[in-house]
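Have a look at the structure below, then the notes.
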Amino acid sequence: MQPFQTLNELAAAVRTCSRCHLAQSRTKAVPGEGAEQAEIMLVGEAPGFHEDRQGRPFVGAAGRYLEELLASIGLQRQEVYITNVVKCRPPRNRNPLAQEIAACRPYLEQQITLIRPKLIVTLGRFSLQLFFPEAQISRVHGQPRKRGGIVYYPTYHPAAALYQPRWKALIAEDFQRIPALLAQAASLPEDDPSPGGGRD
């Protein structure tokens, strides 16, 4: 895949992408949206029903909850960048397959390159394991890890908190740490660069 010069170019490519079979069942691809030079990027799993219809990330119930979480730390969604590991909705909201994640990965990597966020909040296990394959969300949520100058901060997916109320307090607590993490991002030490290394 050739590098894109702007997020708009990348989004146009995503909307016409046919790198995997999800292109055959989608209504609209969902590239992502938000500030072009956002300090914070939030990476979810995949679009759902409402996202597939609108072509925008996190616009259903989980999106409303995400906006509440952002508001709790003084942010609005247009101040951050929101995207997903997979840019098209898997049929019946099933989990994304390995080949679908692999097909979309270059888009996410280029989004990170173009935006250059200080902090990437991984929402749920698929987002976490894209960057840290051996990590388990139940063990590492709320624990920042820095690689390549970027702080990665795992937490539960907002949708999980809607279905499992016991996780709601955990994700709210994780979000409360984001402002301090952002302020400390430059001074945090780099994590173990080896695959699966660090605090798993």
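Any read-out appearing in this document is the output of simple, stated calculations on the displayed coordinates, not a laboratory observation. Only a predicted model underlies this, so the values are computations on that prediction, with no experimental measurement involved. Here Cβ is always computed from backbone atoms with ideal geometry, including for glycine, and neighbour counts include all displayed protein chains.
Working note: Cα atoms of the chain, range along each principal axis, descending, whole Å: 42, 38, 30.
For segment 104-139, the residues whose amide N sits under 18 Å from a probe point set 7 Å from the Cα of GLU68 along the beta carbon direction are 124. Hey, with R₀ at 41 Å, roughly what FRET efficiency would SER187 and GLN24 work out to, going by the Cβ-Cβ distance, to 0.05? It comes to 0.30. Between ALA61 and GLU9, the contour length at 0.36 nm per residue exceeds the Cα-Cα span by 15.8 nm. Give me the number: length gained by fully extending ARG166 to GLU79, i.e. 0.36 nm times residue separation minus the C-alpha to C-alpha distance, one decimal in nm. So the extension gain works out to 28.5 nm. Derived scalar couplings between HN and Hα for segment 50-56 equal 5, 5, 4, 6, 9, x, 10 Hz in order, rounded to whole Hz, by the Karplus curve 6.51 cos²θ - 1.76 cosθ + 1.60 (θ = phi - 60°), x for Gly and Pro. Amide hydrogen proximity for VAL121: with H placed 1.01 Å from N in the peptide plane, the residues at 5 or more positions away or on another chain lying under 5 Å are MET41, LEU42, VAL43, TYR153. Which residue, PHE49, PHE58, PHE126, tops the fluctuation ranking in a GNM of the chain built on C-alpha contacts under 10 Å? Among PHE49, PHE58, PHE126, the largest GNM mean-square fluctuation belongs to PHE49.
Converting phi to 3J(HN,Hα) with the Karplus coefficients 6.51, -1.76 and 1.60 and the offset θ = phi - 60°, segment 114-127 yields 6, 7, 6, x, 7, 9, 10, 8, 8, 9, x, 6, 5, 5 Hz in sequence order, with x at every glycine or proline.
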